[in-house]
Structures are given as C-alpha cells and as structure tokens.
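Shown next, in structure tokens, is the structure this report addresses.
Just so it is clear, none of the values below were taken in a lab; they were calculated from the coordinates. All of these numbers come straight from a predicted model, not from anything done at the bench. For neighbour counting, all protein chains shown are included, and Cβ atoms are generated from backbone atoms with ideal geometry for every residue, glycine included.
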Amino acid sequence: CLSLSESTTHRIICTAHYTWGRNCSSAVMPRITSHYTIFPRDKDPRWEGVEMERFADEADVVIVGGGPAGLSAAIRLKQLAKEQEKELRVCLVEKASQIGAHTLSGACLEPSALNELFPDWKERGAPLNTPVTEDLFSILTEKYRIPVPMLPGLPMNNHGNYIVRLGHFVHWLGEQAEELGVEIYPGYAAAEVLFHEDGSVKGIATNDVGIAKDGSPKDVFERGMELHAKVTLFGEGCHGHLAKQLYRQFNLRENCEPQTYAIGLKELWVIDEKKWRPGRVEHSVGWPLNRNTYGGSFLYHLNEGEPLVALGFVVGLDYTNPYLSPFREFQRWKHHPFVAKTLEGGDRIAYGARALNEGGYQCLPKVTFPGGMLIGCSPGFMNVPKIKGTHTAMKSGMLAAEAIFPKVTAEDPASETAGLHIPEYEDNLKKSWIWKELYAVRNIRPSFHNYFGLYGGMIYTGVFYWILRGKEPWTLKHAGLDSAQLKPAKECTPIEYPKPDGKLSFDLLSSVALSGTNHEGDQPPHLTLKDDSIPVANNLAIYDGPEQRFCPAGVYEYVPLETGEGMRLQINAQNCVHCKTCDIKDPSQNINWVVPEGSGGPAYNGL
Amino acid sequence: MSPASVFVCLSLTLLSDYPVIRVKPDHSGVVTDGVKHSMNPFCEIAVEEAVKLKEKKFIKEVVAVSCGPTQVTETIRTALAMGCDRGIHVEVSGKDYEAMGPLQIAKIFAALAKKEEASLVILGKQAIDDDCNQTGQMTAALLDWPQGTFASEVTIDGEKVKVVREIDGGLETIKISMPAVLTADLRLNTPRYATLPNIMKAKKKKIANMKPADLGVDMVSRVEVLRVDEPPTRLAGVKVETVDDLVAKLKANGTI
C-alpha cells in the first residue's frame with residue numbers, strides 16, 4: 001500500500017538530498033536522520049531483496065491509541081453490539097508497553113462522560129478515590145500569594161469532580177474494554193496510514209522492527225502488520241503524528257485556525273503526612289512567568305492511602321523568548337514559599353511531560369473523512385480555562401462509536417468510498433454538550449493576547465464568562481502558529497534560572513530517569529529532520545537552539561564538532577518522553593516526530 | 001533418536017533496568033502495583049534458543065512454563081508468539097507468590113519435567129529483579145540431571161549436548177548427556193521480536209493451568225525477608241591537591 005502523492009515529489013527531493021548530502025556533508029556534519037520516512041527504502045541499496053510484504057488482517061473498526069477517547073469509543077461500540085446482539089470486531093493498537101504507560105494528566109476528572117459510559121463505575125472499581133474537597137486559586141508574586149475566590153460558575157471551580165491518577169484510570173478503562181471483547185494490542189504503534197485506491201482510509205500498518213540506527217535492516221527485521229477496517233478511529237492524543245498527515249491529506253484544517261498548544265510538566269511527590277490535605281486542589285498563575293507568557297501551576301492532594309501529591313506546571317507554547325525553559329520554570333516555581341512549604345521533607349517519585357491543546361473551539365478541524373475520523377485530544381476538545389479535556393475526549397469517542405455502529409453493522413453501508421465516510425459523527429458533536437461547553441469558553445484563552453496579558457485575560461474571563469457565560473457575539477482569534485511566535489535570540493534577554501538544589505528542584509537528567517523512559521537503542525532516531533543542516537543554520541544561528549530548552553527530556557543538545565570549530569545537533573532519541581513539543585515549537589518546523597518501535601517511551605505509573 | 005520435548009521455563013520480572021522502583025513504605029519489599037512486568041530478558045534468550053533448536057529439527061516440541069499469578073499468561077503468550085508450541089501456567093498468587101523463591105520454582109519445574117518426560121529444560125541464567133542465579137542449578141540438582149549453565153553456545157550432538165559456558169576466566173566447553181538443564185547467558189542469541197500477527201495466532205495455542213499442589217510441591221519458604229531498604233545515597237567525593245594530603249585524609253578516617 002502506498003502512502004499517497006505528496007510523498008512522490010518529496011521522495012525525489014529526498015533522494016537527491018541523500019546522495020548530495022552524503023557527499024557534501026560527511027566532511028563537515030555527521031548525518032543525524034536515517035529514518036525511512038525521510039530516506040525511502042525502495043531507493044536504498046541496503047534494502048534490496050528484503051521481503052517487504054506485510055501480513056494483513058481485517059476488523060470492523062480499528063482504533064489508534066489506547067487513551068480515554070480510544071478506549072471509550074471501543075467500549076461504546078462493544079456495548080452497542082451487546083445490546084443489539086450483533087458481532088463486531090474492534091481492534092485497538094497502542095504504542096505504550098501497557099495501557100496507561102504513556103498517559104499523563106493533572107488530573108481533575110469531571111465524571112460527566114464516565115457517568116454516561118458506565119453509570120455503575122463505582123461498583124466496577126473505577127479508581128476515582130479522591131473527591132475534590134477544597135479549591136484554591138492564587139496569583140503568585142515572587143514572595144507572596146494573592147488568593148482569588150473560586151466562585152461557583154467560574155470555569156476553574158471543581159465541585160463534584162475527582163482527583164485521579166489518569167494512567168490508572170485509563171488502565172481500568174482498558175480492563176473494562178477487554179472484558180467486553182475489544183482486542184487490545186499494547187506495544188504496537190500505528191506507523192502508517194493505509195489507503196484504498198479511491199483515496200479513502202483502509203486502515204493502518206504497525207511499526208516495523210529490527211532496523212538499525214543507520215537505517216539498514218538487522219537480522220531480526222520484521223515488517224509491521226496491516227490492520228484493515230471499514231472505519232479507522234485516530235485517537236493519538238495531542239498532536240498525533242498520523243493526524244498531522246491526515247490533515248494534509250484530506251485538507252481537514254482549511255476552515256479552522258492552526259492549533260495552539262501548551263506543554264505540561266508533572267511530578268508525583270510523597271510528602272510529609274502533616275502537610276497532606278486529601279481532596280485539596282490548588283492552581284496558580286503569575287510567578288515565575290511574566291504577564292505575557294501564558295501558563296500556571298497545579299497541585300492536587302490525592303487520597304489513595306499514602307500522602308501523595310500530583311503537581312505540575314503548564315507553559316503556553318506561544319511564548320516568544322527562545323531562552324525560556326518550561327522545565328526550569330517548573331523547577332523554580334517549586335521554591336515559592338507557598339509551594340515549598342507543602343513539599344519540604346517530601347520525596348519526588350515520578351516525572352513526566354506532555355503537550356496539550358489550547359486552541360479550543362476556533363481550532364477544531366473537520367473530524368471525519370472517507371474511511372476514518374479523529375477523536376479526543378487529537379482534534380482537540382480540551383476546555384482550556386477548566387483545564388480539563390478527559391471528559392470531552394471520552395464523550396467524543398462515545399459519539400464516534402454511536403455514529404459508526406449503525407453503519408458498520410448495516411447489511412449495505414451505501415458508501416461512495418471503500419472506507420466508510422460517516423459525517424454523522426461531526427453532526428453529533430455539534431449537537432452535544434462538548435460543543436456548547438467549548439463555545440462558551442472560546443474567548444478566554446485568546447483574551448490573553450492583549451497588552452495586559454494575564455491580567456487582561458482574567459478580567460475578560462470575569463466579565464464575559466462568569467457574567468455572560470460566553471454569549472458575546474464575537475469570536476477572538478489566536479495568535480497563529482506556536483512555532484512562528486519565537487523572537488530571534490538577539491532581541492531577547494537570556495533568563496537566569498537558579499541552580500537546582502536537589503531537594504525541591506532537580507536537574508533535567510535525574511528527572512528524565514524518573515519517567516522510566518527508554519527505547520531500543522539500535523534504531524533510527526524517531527525525531528526526524530527534513531533537512532539535517534537546518535538546526536545549526538537556522539535554529540542555533542537565529543534562536544540559540546530553543547529545542548535545548550523546550551524539550552523536557554534532554555533529547556536535543558548542541559555540542560561542539562569533534563573536528564574543528566562549530567556546533568552540531570545531537571539527538572538523544574532514547575530520552576524522548578513522546579510529549580510532541582519539539583514537533584510543535586520548532587521554529588523551522590523541520591522536526592517531524594514519528595513513532596519509534598512499539599513499547600518504547602515512558603513507563604508512567606499512574607501519572 | 002531425536003529428543004521429544006524441550007521445556008523452556010520462564011520468569012515474569014519487573015521490566016528491565018529503567019522503570020522507577022521504590023521501596024514500600026513498610027519496608028517489606030518494593031512497590032509492584034502498576035509497574036510494567038514483562039518476560040525476563042535471559043528467559044527471552046532461552047525461548048529463542050529452544051525455538052531455534054526446533055527450527056533446526058533437533059527437537060519436536062517446545063513447551064513454555066511459568067509460575068505466578070494471572071499476569072504470567074501474557075508472558076507465556078509472548079513465548080508462544082515467538083514459536084513455542086504450548087504453554088503451562090502454574091498458578092501461584094497472593095502470599096505464596098510473594099514468598100516464592102528459586103527453591104519452590106525449581107521444585108515445580110523439576111516435577112513438571114519428570115511428568116512431561118522432557119529431554120531438555122532451558123532457563124534464563126537469572127532473573128533481573130532478584131539476580132538469584134539459582135533456579136536452573138537447583139532444578140538440575142532436584143532432577144539429578146547434568147547442567148550446562150551460562151551457555152553462550154549450544155550444539156546437540158546425538159544424545160549429548162555440547163555447551164560453551166561463559167566463566168570468569170573465559171570460555172569453557174563441556175559435553176553433557178541428555179536429559180539436561182541449560183541456562184542461557186547474554187550472548188547465546190538475539191531473541192526475535194514477537195510480531196503482532198504471531199501474538200494474534202498465539203491466542204489459539206493452548207495454555208494448560210495447574211497448581212503446585214497438583215504436582216505435589218509444597219510452597220513453604222525457608223527464607224524470611226526481614227527488611228528492604230533503598231541503597232544509601234552516594235556521598236560526594238573529596239578532591240585533594242597532593243599525595244601527602246591523600247595519605248593524611250586516609251589516615252584520618254582510619255583507612256590506613
């Protein structure tokens with residue numbers, strides 16, 4: 001199965017670059033990228049004679065991604081099948097080694113979607129053990145804290161919600177899905193979208209294994225497998241790599257704004273029991289970010305037997321200063337007296353990071369196309385001021401299932417294309433509470449783009465959301481692509497971050513160790529560069545290499561060349577925690593994150 | 001006469017060196033809830049060797065065996081996906097599982113090997129969570145069979161097995177008669193990937209269930225874990241300027 005036309009021209013350019021680049025650059029720059037998505041194997045002499053045939057299997061529905069959206073869709077499909085006594089084969093592939101291992105979120109779960117999916121979730125043992133009892137909001141200055149009352153009706157109010165460890169919740173959803181008969185395959189990543197002759201989506205192919213770091217086949221090379229389906233659901237989470245391809249393929253973003261994102265970093269701490277307040281939710285804005293950089297913190301006290309707190313920091317990726325390091329902002333925030341007093345004497349036991357959507361209503365693409373649909377954080381249903389996206393992701397999965405079910409079980413689907421096109425899903429979304437919710441809060445995030453930054457945004461929220469409930473007739477725009485927001489380094493001031501003290505704040509590498517991340521070492525780096533020369537020529541020269549600072553895992557390093565003067569980019573692909581920030585924020589948009597061999601990546605336990 | 005069946009004995013361990021392990025608050029062990037468990041890497045090598053021997057037609061059937069709770073069936077399925085013919089799951093859970101050590105496992109494997117009339121029992125040399133390196137040797141002793149441990153090369157020669165062993169001084173080659181017990185070391189082979197189509201096919205292969213009592217094995221442990229602690233944090237080093245300084249410091253802290 002071929003990946004379609006855009007790659008043909010791309011392939012020719014790439015092949016030319018491959019031969020030219022090899023001759024030209026071997027004297028100066030060692031080659032970085034060796035992945036077959038940049039250097040196709042059919043033109044590569046090392047792959048001559050290698051068996052590239054793939055085993056194929058058929059299912060009714062294939063779901064990419066075992067997160068809240070994918071699992072809710074799978075569960076809903078099987079629930080409908082049981083109700084109506086119909087047979088349905090649902091297969092779900094997930095790149096993590098087990099369901100929940102790549103899941104990271106605050107999280108305060110609003111149980112609305114869960115109540116619809118499993119009204120008896122409590123009897124089934126869903127791990128919602130911590131109802132929210134206290135809700136605090138602060139504006140921080142360097143030394144002080146200004147409390148902001150959490151009035152009912154404000155989007156951040158958490159009454160009725162639960163603090164959860166989303167990884168554990170997702171793991172529980174996975175167990176429910178398996179009980180209902182969903183075939184779940186963790187450890188297998190969807191690497192390629194497959195197309196019918198008529199251009200509709202046919203399914204996906206899982207990743208190949210056994211390719212060496214330089215791109216050549218190893219003895220243990222095995223081709224991935226093809227999973228064909230009547231309709232394929234893509235639930236890859238924020239900024240999925242297959243979704244990126246689908247947007248281009250089917251022009252799904254022609255009527256919406258480009259998505260805007262934030263990066264969220266999180267840690268789990270076991271604290272001193274005397275400081276533990278189970279059920280308490282704390283949020284802050286302000287210090288250490290300046291008023292023009294969107295972001296803030298969360299600190300949730302869990303109630304699961306031991307004094308555990310989940311805390312973290314979010315920075316909007318539309319920041320302009322290339323010297324900003326979201327990781328180091330997070331670490332220095334912990335030294336604020338109000339935060340430090342909770343953490344003092346405690347132990348950090350986990351760390352992780354993930355990009356999240358901030359675009360909301362204005363950035364929703366078309367979500368259906370022939371043969372497939374997008375669900376969850378991939379198109380992006382997060383309610384930004386509430387900082388919740390799990391309930392809407394689950395609901396989107398359920399709505400997708402409800403739209404699909406009659407079509408895939410029908411005797412004659414009456415479809416124009418081989419892969420089913422089911423626009424009813426989009427109609428269902430527009431009639432649902434997801435749409436109403438996202439519409440009501442649509443202007444809050446863009447309202448931060450004003451001279452007063454954070455304070456302007458808060459005033460806007462107070463007036464238009466709290467009083468008018470988002471009924472104002474206008475819709476504000478976002479600032480544009482996050483990657484285009486960076487100012488050149490010479491126009492900005494470097495930020496002096498304090499050194500980590502090893503008790504409250506820590507260095508990057510010991511943090512990455514706590515994410516449990518690892519990858520098979522001998523494989524092509526999955527952070528692929530369209531052009532190996534651009535990092536030094538553009539990112540380093542103009543922006544002082546911002547990827548060294550925005551990557552929360554230390555993947556990107558500019559190191560001196562072994563021979564003579566100059567720097568080169570070193571990619572430590574094994575550290576990657578699959579957050580997708582680099583693909584989003586790279587000012588040259590030269591980095592293309594693709595999926596590594598399945599099972600690689602972080603090993604989050606209830607994050 | 002070619003050997004009939006080979007047993008591969010598997011171990012379910014905490015995922016190799018990179019997950020975050022912490023000690024339980026009551027110091028009775030490490031936290032295992034929610035931590036990814038998978039097949040012990042040395043057992044993967046053992047499975048690969050057994051499957052290779054079958055492919056070379058030295059043996060007829062490979063049986064994958066493991067002891068533990070229900071999670072262990074996933075590990076057996078991976079072995080089946082790599083090419084084993086059938087599996088046996090010996091159910092041990094709860095307190096028995098926490099107390100289970102190499103001796104109990106060896107007794108189970110020995111009883112099974114006798115019952116199924118195996119010709120070869122292949123294990124990984126040690127589990128990476130407890131690093132005991134005892135099960136293979138104990139199994140051989142209980143069966144009174146010869147053992148070829150730390151194997152980095154295995155060749156079947158009629159009724160005998162030639163094993164090249166990795167030892168401290170280098171490599172030792174021995175020839176032992178079958179039935180025998182072998183334990184796999186790192187360089188024996190590179191295990192194949194369990195591909196998704198094989199995982200799907202493995203769902204149709206049989207896994208038999210049994211309990212230690214069915215084999216007449218008592219699971220009572222003769223080892224009691226008193227306490228588990230984290231290793232002490234490494235102290236910073238001290239730099240000295242001259243040799244005299246070094247000698248003075250070593251004298252001062254009683255080393256010399």
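For segment A:546-594, the percent of C-alpha pairs falling in each 5 Å distance bin, counted from 0 to the bin holding the largest distance, reads 4, 22, 28, 24, 12, 8, 2.
Taking the Cα centre of segment A:502-607 as origin and assigning +1 to Lys and Arg Cβ atoms and -1 to Asp and Glu Cβ atoms, the resulting dipole is close to 400 debye.
Equivalent-ellipsoid semi-axes for segment A:315-370 (Cα gyration tensor, √(5λ), whole Å, largest first): 34, 16, 11. When the alpha carbon gyration tensor of chain A is reduced to an equivalent ellipsoid, its three semi-axes come out at 35, 32, 23 angstrom, largest first.
So for segment B:200-244, Kirkwood radius off the Cα pairs, Stokes-Einstein at 4 °C and 1.567 mPa s: how many µm² s⁻¹? Result for D is 72 µm²/s. Note on segment B:1-150: Lys pairs 8 or more places apart or on different chains, Cα atoms under 24 Å apart, count 21.
Using only the Cα atoms, what convex hull volume per residue in Å³ does segment A:130-172 have?
In segment A:130-172, the Cα convex hull volume per residue is 111 Å³.
Legend: helices of chain A (whole DSSP H runs) are marked when their alpha-carbon atoms reach 18 angstrom or more along the helix axis and their mean Kyte-Doolittle hydropathy is at least 0.0; marked are A:68-83, A:390-408. Provide, as a two-decimal number, the C-alpha radius of gyration of segment A:395-436 over 2.2 N^0.38 Å, N being how many residues it has. Ratio of Rg to 2.2 N^0.38 Å for segment A:395-436: 1.23. For segment B:145-195, just say rounded, prolate or oblate: build the C-alpha gyration tensor, square-root its eigenvalues into a ≥ b ≥ c, call rounded for a/c under 1.5, and beyond that prolate if a/b exceeds b/c, oblate if not. Here segment B:145-195 falls in the oblate category. Based on C-alpha pairs under 8 angstrom that are at least 6 apart in sequence, segment A:103-231 has a relative contact order of 19 percent. Out of all Cα-Cα pairs in segment A:278-361, roughly what percent, to the nearest whole number, are more than 21 Å apart? Counting pairs separated by more than 21 Å, the tail of P(r) holds 33 percent. Taking the square roots of 5 times each eigenvalue of the Cα gyration tensor of segment B:86-227, largest first, gives ellipsoid semi-axes of 26, 21, 17 Å.
Can you classify segment A:410-536 as rounded, prolate or oblate using the Cα gyration tensor, where a ≥ b ≥ c are the square roots of its eigenvalues, rounded means a/c under 1.5, and otherwise it's prolate if a/b beats b/c and oblate if not? It is oblate, given that a/c is not under 1.5 and a/b is not larger than b/c. Relative to the dominant Cα principal axis of chain B, helix B:72-82 is inclined by about 70°. Based on alpha-carbon centroids, what's the gap between segment B:74-129 and segment A:482-520 in Å, whole number please? When both Cα centres are located, 45 Å separates them.
In terms of the ratio Rg/(2.2 N^0.38 Å) built on C-alpha atoms, what value belongs to segment A:299-422?
Rg over 2.2 N^0.38 Å, computed on Cα atoms: 1.53.
Projecting the Cα atoms of A:Thr528, A:Ser515, A:Asn592 onto the charge dipole of segment A:500-592, computed from C-beta unit charges around the Cα centre, puts A:Ser515 farthest toward the positive end.
Projecting label points 7 angstrom from Cα along Cα→Cβ for A:Met567 and A:Ile146 puts them 3.8 nm apart. Within a straight-line Cα-Cα reach of under 24 Å, A:Lys407 can be paired with the following lysines, leaving aside sequence neighbours fewer than 8 residues apart in one chain: A:Lys78, A:Lys82, A:Lys86, A:Lys202, A:Lys230, A:Lys366, A:Lys395, A:Lys430, A:Lys431.
How far, in degrees from 0 to 90, does helix B:243-252 lean away from the longest principal axis of the Cα atoms of chain B, to the nearest 10? The angle comes out near 80 degrees.
Could you tell me which of rounded, prolate or oblate describes segment B:1-160, using a ≥ b ≥ c as the square roots of the eigenvalues of the alpha-carbon gyration tensor, with rounded for a/c under 1.5 and, failing that, prolate when a/b is larger than b/c and oblate otherwise?
Note, shape of segment B:1-160 comes out prolate.
Across segment A:502-554, the volume of the C-alpha convex hull divided among the residues equals 102 Å³ per residue.
Quick one: dipole size for the protein assembly as shown, taken about the Cα centre, charges +1 on Lys/Arg Cβ and -1 on Asp/Glu Cβ, in debye to the nearest 20.
Result for the protein assembly as shown is approximately 1260 debye, rounded to the nearest 20.
Which chymotrypsin sites (Phe, Trp or Tyr not before Pro) in segment A:265-300 pass both tests, a DSSP loop state and at most 15 other beta-carbon atoms within 10 Å? Answer in residue order: no site qualifies. Other residues with beta-carbon under 13 Å from the beta-carbon of A:Val50 carry, at +1 per Lys or Arg and -1 per Asp or Glu, a net charge of -3.
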